[in-house]
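Working notes, structure below.
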Amino acid sequence: MQPVPTPTDGYPHQTAQAQLGDAFFTVVWRWNARDGVWYFGLSDVDGSPIVSGVRVVLNADLLRGVSDSRRPPGAIAVVDPASRTAEPGLNDLGTRVKVVYIPPEELSA
């Protein structure tokens, strides 16, 4: 597993570059204040979206159902090491909850 860059300092809209597997991607985080939830997106190095508008929920693969051939081959999961069940709030990504990339060889183990 490797950490995925997450928003810092409570800013509601952020992007970050990340190497997931053998390729580089742009990770997009958007906070929806009205709903009180985070949304995730992923673009290739050229900025072309692979997936966008995925609601961030605990213990789910954010890439589940994405069939785009450019997607990383593993899974991106949001986990709470303390096993709490509350979904991540504005300041929780990267602090209370972790976002990790799980390579395919670890998924099959």
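The values are calculated or read from the model by the stated rules, or taken from the named source; none is laboratory data. This structure is a prediction, so every number in the text was calculated from the model and none was measured. Here the Cβ positions follow ideal geometry from the backbone for every residue, glycine too, while neighbour counts run over all protein chains shown.
Residues being closer than 18 Å to Trp31 by Cα and either at pLDDT below 90 or of a type in the set (Ser, Thr, Tyr) (or both) are represented in segment 95-107 by at least one member. Scanning segment 19-41 for residues that are closer than 21 Å to Gly65 by Cα and surrounded by 16 or more Cβ atoms within 10 Å (Cβ to Cβ) yields Leu20, Phe25, Thr26, Val27, Val28, Trp29, Arg30, Val37, Trp38, Tyr39, Phe40, Gly41. Considering every residue within segment 54-61, establish whether at least one is over 16 Å from Leu20 (Cβ atoms), modelled with pLDDT under 90 and of a type in the set (Lys, Arg). No, the conditions are met nowhere in segment 54-61. Residues in segment 37-81 that are under 15 Å from Val100 (Cβ atoms) and either aliphatic (A, V, I, L, M) or touching a residue at least 60 places away in the same chain (Cβ under 8 Å) (or both): Leu42, Val56, Val57, Leu58, Ala60, Leu62, Leu63, Ala75, Ile76, Ala77, Val78, Val79.
The sole residue among Val78, Val66 that is of a type in the set (A, V, I, L, M), surrounded by 11 or more Cβ atoms within 10 Å (Cβ to Cβ), within 15 Å of the chain's Cα centre (by Cα) and part of a loop (DSSP other than H, G, I, E, B) is Val66.
Checked against (1) in a loop (DSSP other than H, G, I, E, B); (2) among the hydrophobic types (A, V, I, L, M, F, W, C); (3) under 17 Å from Gly74 (Cα atoms), Val45 meets all criteria but (3).
Among the residues of segment 23-42, those that are in a strand (DSSP E or B) and small (Gly, Ala, Ser) comprise Ala23, Gly41.
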